[in-house]
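The structure appears below as structure tokens.
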Amino acid sequence: MLDLKALYGIEAFAPIPLAECTIQKPYLLERAGISAGSGSALLFLLPYYTAGGEGGNISMYAVAEDYHRYCETLFADIAPRLSQLLPGAKFKGFADHSPIREVEAAARAGLGIMGENGLLISEKYSSFVFIGGIYTDAGADAWEALVGAWPRGSYEPGRCPGCGECMRACPAHAILGGGHIDRERCFSAVTQKKKLADGDGDGIAGAEYIWGCDVCGLACPYTRAARAAGTLETPLQYFREKLIKTLDESTLSDLVMSGEFERHAFSWRGEGVVRRNLRLREGKDHEDRD
Ligand code: SF4
Ligand code: SF4
């Protein structure tokens, strides 16, 4: 049996049958040779909040190097180990670009509750978590022998109490209630757009972050509780080092020149999008507002 905490520092994990998940990209499962009807996934949380990333203009999820890289390394290590334990079974890791609705599935698996702000909230870590998953053609019961985790049996997702603090704090008025978010207005999405819509430029110009947005996560009482309990800070070293918490034009140019830019999640839409956001924040680029 694999000790995920000792091997990878992963403490929150739970299996779920894929039949209990909302499948949004079935082709990913098909390519991996995994049946949505009989397969399962072990979902896990990667807490990423670090005090070293506070106070800048980059959302906390992107201050360390890209978590997709972290997950790729993790998956490359863990899949062969699992195959040794269960020969003949297929294992494939996904994070973010995943076959299922991850927030809902993680809540169904018991790893947290669904927040009004559309995020998964872990009681221990708050909403500052990435969700990853190892998918297999074996059933959910197989995870007991593999990693010592049992399926819940009941998969009703929990929901947050709906205190409304995130909604009141949201500068874009993008939290609509009932767990629905207006993605066209949410700054986390708007700062990643290649082509801005009417009003987007003004939104970025006035936003706290030039990439992403942590306002609703920070406003949530679960985040305050995790901070008070001492469990908000990630124990995972990857997310505590090589931090870029503030970008300006000079830092961005240095990152691009050195090739480091590509190692960060804020490179996803290319240098031009980040540079445009910086210009908008500095009031230098009025054309992008149209
Ligand atoms: S701030 Fe309140 S309503 Fe919003 S996600 Fe947190 S608990 Fe839910
Ligand atoms: S990420 Fe920011 S803009 Fe988006 S819903 Fe949360 S507070 Fe609003």
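The values are calculated or read from the model by the stated rules, or taken from the named source; none is laboratory data. Source: prediction; values computed, not measured. Neighbour counts run over all protein chains shown; Cβ positions are idealised from the backbone, glycine included.
Mind checking whether some residue in the stretch 175-186 is within 7 Å of ligand 2 (Cβ to nearest atom), in the same structural domain as residue 225 (by TED's automatic domain parsing) and part of a strand (DSSP E or B)?
Yes, the conditions are met somewhere in the stretch 175-186.
Every residue in the stretch 130-144 that is part of a strand (DSSP E or B) and either among the small types (Gly, Ala, Ser) or not assigned by TED's automatic domain parsing to the domain that holds residue 45 (or both), please.
132, 133
Taking the stated definitions as given, is residue 279 in a helix (DSSP H, G or I), at pLDDT below 95 and either of a type in the set (Phe, Trp, Tyr) or more than 16 Å from ligand 1 (Cβ to nearest atom) (or both)?
In short, yes.
Filter the stretch 37-56 down to residues that are touching an Asp or Glu at 6+ places or on another chain (Cβ under 7 Å) and more than 30 Å from residue 146 (Cα to Cα), then give me how many there are.
The qualifying residues number 2.
Quick one: would you say residue 220 is in contact with a strand residue (DSSP E or B) (Cβ under 7 Å, 6 or more places away or on another chain) and either of a type in the set (Gly, Ala, Ser) or within 16 Å of ligand 1 (Cβ to nearest atom) (or both)?
It is true that residue 220 is in contact with a strand residue (DSSP E or B) (Cβ under 7 Å, 6 or more places away or on another chain) and either of a type in the set (Gly, Ala, Ser) or within 16 Å of ligand 1 (Cβ to nearest atom) (or both).
Could you tell me whether residue 209 is under 21 Å from residue 270 (Cβ atoms) and within 16 Å of ligand 2 (Cβ to nearest atom)?
Considered against the rule, which asks whether it is under 21 Å from residue 270 (Cβ atoms) and within 16 Å of ligand 2 (Cβ to nearest atom), residue 209 comes out as yes.
This table checks each residue for (1) surrounded by fewer than 19 Cβ atoms within 10 Å (Cβ to Cβ); (2) at pLDDT 95 or above; (3) under 17 Å from residue 51 (Cβ atoms); (4) in contact with a Cys (Cβ under 8 Å, 6 or more places away or on another chain).
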position: 164; (1), (2), (3), (4): yes, yes, no, no
position: 180; (1), (2), (3), (4): yes, no, no, no
position: 193; (1), (2), (3), (4): yes, no, no, no
position: 196; (1), (2), (3), (4): no, no, no, no
position: 204; (1), (2), (3), (4): no, no, no, no
position: 216; (1), (2), (3), (4): no, yes, no, yes
position: 229; (1), (2), (3), (4): yes, yes, yes, no
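Restricting attention to the stretch 189-203, which residues are away from ligand 2 (no atom under 11 Å from the Cβ), outside any loop (DSSP other than H, G, I, E, B) and not small (Gly, Ala, Ser)?
The answer is 200, 202.
Which residue is nearest to ligand 2 (Cβ to nearest atom), if the candidates are limited to the stretch 145-162 and must be outside any loop (DSSP other than H, G, I, E, B) and buried (at least 18 other Cβ atoms within 10 Å of the Cβ)?
147
Among the numbered criteria (1) within 18 Å of the chain's Cα centre (by Cα); (2) surrounded by fewer than 24 Cβ atoms within 10 Å (Cβ to Cβ); (3) within 16 Å of ligand 2 (Cβ to nearest atom); (4) part of a loop (DSSP other than H, G, I, E, B), which single criterion is violated by residue 171?
Failing condition for residue 171: (1).
Could you give me the residue pairs with C-beta distances under 8 Å whose first residue belongs to the stretch 156-169 and is more than 17 Å from residue 120 (Cβ to Cβ), whose second residue is more than 8 Å from ligand 1 (Cβ to nearest atom) and modelled with pLDDT of 95 or more wherever it lies, and which are 6+ apart or on separate chains?
Close Cβ pairs satisfying both conditions: 169/215; 169/218.
Looking at this structure, is residue 190 β-branched (Val, Ile, Thr), without any contact (Cβ under 8 Å) to a residue 40 or more places away in the chain and assigned by TED's automatic domain parsing to the domain that holds residue 277?
Spelling it out, residue 190 is indeed β-branched (Val, Ile, Thr), without any contact (Cβ under 8 Å) to a residue 40 or more places away in the chain and assigned by TED's automatic domain parsing to the domain that holds residue 277.
Which numbered condition in (1) in contact with a Lys or Arg (Cβ under 8 Å, 6 or more places away or on another chain); (2) within 16 Å of ligand 1 (Cβ to nearest atom) is the only one that residue 169 fails?
(1)
Which helices (runs of 4 or more DSSP H) does the stretch 6-117 wholly contain that include 3 or more residues that are among the aliphatic types (A, V, I, L, M), in the same structural domain as residue 144 (by TED's automatic domain parsing) and within 18 Å of the chain's Cα centre (by Cα)?
Correct list: 102-109.
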